[in-house]
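So the structure is just underneath, and the comments pick up after that.
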Amino acid sequence: MGLPSDSAPKFQDYAHPEMLVTTEWLADHLDDPGLVVAESDEDVLLYETGHIPGAVKLDWHTELNDPVTRDYVDGAGFARLMSEKGISRDSTLVLYGDRNNWWAAYALWVCTLFGHPDLRLLDGGRAKWIAEGRPVSTDPPQRTRTDYPVVERDDTMFRAFRDQVLSHLGQPLIDVRSPGEYTGELLHMPDYPQEGALRGGHIPGARSVPWSRAAADDATFRSRGELEAIYQDEAGLRPDDPVVVYCRIGERSSHTWFVLHHLLGYPQVRNYDGSWTEWGNSVKAPIRRGDSP
Amino acid sequence: MTAPAGSLSPRLREIAEDFSSVPDSQRLQLLLEFSEELPELPARFAGHQDLLEKVPECQTPLFLAVEVDADGITHLFFDAPREAPTTRGFAGILHAGLDGADADEVLATPGEFCNQLGLQDLVSPLRLRGMAAMLARIKRQVRDQRS
């Protein structure tokens, strides 16, 4: 059995409050045997500069991706990775990272495809833990290797592929990239020039809600009321809508996937990880330019 | 003294050899050491970001300055945030390898040097291209200052 949920009042408003823990909760449970903490950062060296004591590193680039095919690791690869990290199928796995948990949410989404039962995000991520002066360590974690079972990845519920997005056209889509990427002025993220596409713009019908709007200044998630104002009042989503979210390679949109599915409780949210680097390079894929969906 | 095009300064060659001789697991540690060894920006540049050139190709903003002195020796200055150790590490490698080098040596450094460190499987290609962009901007400044 996993660890008890964090009963922080803010979380109780969310659809799945058990998916988040506060820094206080984590500090109190850091030595609990059923807990594994994993750091997943954009900067691949940040973990080495100091991490939450005992936390393992989960690298999005080298560990969660298949090294050859553009895809995630398979069931055997995931089992090997989890076993090496000392994570069991019944571990409570708390993920955290830099940049508003951008990559931690991505790692959590990938772990979701393998159905790991108890996944949680540290609200506020690495930035909040450090801002509060909590301990960090450069000591490598001492974890015993486990025997994580081989569970095949299930892409049906939460992942969307290009052809599925084509047949989804006309239904709600959220583009979480920066405004310049959405309108088509930029073929890449500001300051990220090379991960581009041949065509700029957005998928027809997609509403623009940059992913980081869901995070407050201290990197924690905004309250349920604030999130509803953004995604329901502004972007016009309804809670029973099937939604597809996308960005450039599917990482920023994992953060929005987490918000829509776990915090607002939308049952059918899929992340299109092919995202703009696939769509904007795809022959004959329909594209819209400018401000309007 | 002229360095043949496409050759590495002696110090850069040592760095490339160091990187390729250690196993993958220690390569990131080595990069971290370079990030820690990057000298602070001298006081005369502090608060004068206009004197520095921005390298937008890096995922985290990085600024650099290049000076070629009367003897043709290159001096490099970097402003890279501590919360971006990878970018700092790249700057640290270029500083360790090219600060104090002859301008000809800097200009002879091949653009693909960044791919000789064995980091391709550890660091995303986007980041490595950020390092290549840093090198290209350094070389352009050296060329401009000499002409």
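Quick look at the numbers
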read-out: Selection within the stretch A:83-105 - within 11 Å of the chain's Cα centre (by Cα) and open to solvent by 10 Å² or more (accessible area, probe 1.4 Å); value: A:100
read-out: Residue count, the stretch B:98-124 (criterion: farther than 15 Å from residue B:143 by Cα and open to solvent by less than 10 Å² (accessible area, probe 1.4 Å)); value: 6
read-out: Any hit, the stretch A:49-59, residues being open to solvent by 10 Å² or more (accessible area, probe 1.4 Å), modelled with pLDDT of 95 or more and at positive phi; value: yes
read-out: Qualifying positions in the stretch B:83-97 - out of contact with any helix residue (DSSP H, G or I) (no Cβ under 6 Å at 6 or more places or on another chain) and open to solvent by 10 Å² or more (accessible area, probe 1.4 Å); value: B:83, B:95, B:96
read-out: Candidate set from the stretch A:40-60 (those that are part of a loop (DSSP other than H, G, I, E, B) and of a type in the set (A, V, I, L, M, F, W, C)); member that is nearest to residue B:123 (Cα to Cα); value: A:44
read-out: Flag for residue B:145 being more than 14 Å from chain A (Cβ to nearest Cβ), open to solvent by 50 Å² or more (accessible area, probe 1.4 Å) and part of a helix (DSSP H, G or I); value: yes
read-out: When residues of the stretch B:60-82 are limited to those that are out of contact with any Leu (no Cβ under 7 Å at 6 or more places or on another chain) and buried (at least 18 other Cβ atoms within 10 Å of the Cβ), the one modelled with the highest pLDDT; value: B:68
read-out: Subset tally (residues that are in a loop (DSSP other than H, G, I, E, B), within 11 Å of chain A (Cβ to nearest Cβ) and of a type outside the set (A, V, I, L, M, F, W, C)) for the stretch B:64-102; value: 3
read-out: Matching residues in the stretch A:61-86 - criterion: being in a loop (DSSP other than H, G, I, E, B) and within 12 Å of another protein chain (Cβ to nearest Cβ); value: A:61, A:62, A:63, A:67, A:68
read-out: Pair list, Cβ < 9 Å and 6+ apart or interchain, from the stretch B:43-63 residues that are under 14 Å from residue B:81 (Cα atoms) and touching a residue at least 60 places away in the same chain (Cβ under 8 Å) to residues that are open to solvent by 30 Å² or more (accessible area, probe 1.4 Å) and in a helix (DSSP H, G or I); value: B:55/B:137
read-out: Residue within the stretch B:35-49 that is touching a Pro at 6+ places or on another chain (Cβ under 9 Å) and either more than 14 Å from chain A (Cβ to nearest Cβ) or part of a helix (DSSP H, G or I) (or both) present; value: yes
read-out: Filter result for the condition that a residue is touching a Pro at 6+ places or on another chain (Cβ under 8 Å) and within 11 Å of chain A (Cβ to nearest Cβ), over B:28, B:8, B:32; value: B:32
read-out: Flag if residue B:135 is open to solvent by less than 10 Å² (accessible area, probe 1.4 Å), touching a helix residue (DSSP H, G or I) at 6+ places or on another chain (Cβ under 9 Å), within 14 Å of chain A (Cβ to nearest Cβ) and among the aliphatic types (A, V, I, L, M); value: no
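The values are calculated or read from the model by the stated rules, or taken from the named source; none is laboratory data. As the structure is a computational prediction, the values presented were derived from the model and not from experiment. Note: ideal-geometry Cβ built from the backbone for every residue, glycine included; neighbour counts use all protein chains shown. Protein only, heavy atoms only, side chains kept; ligands, DNA and RNA dropped before computing areas. Shrake-Rupley method; radii C 1.70, N 1.55, O 1.52, S 1.80 Å.
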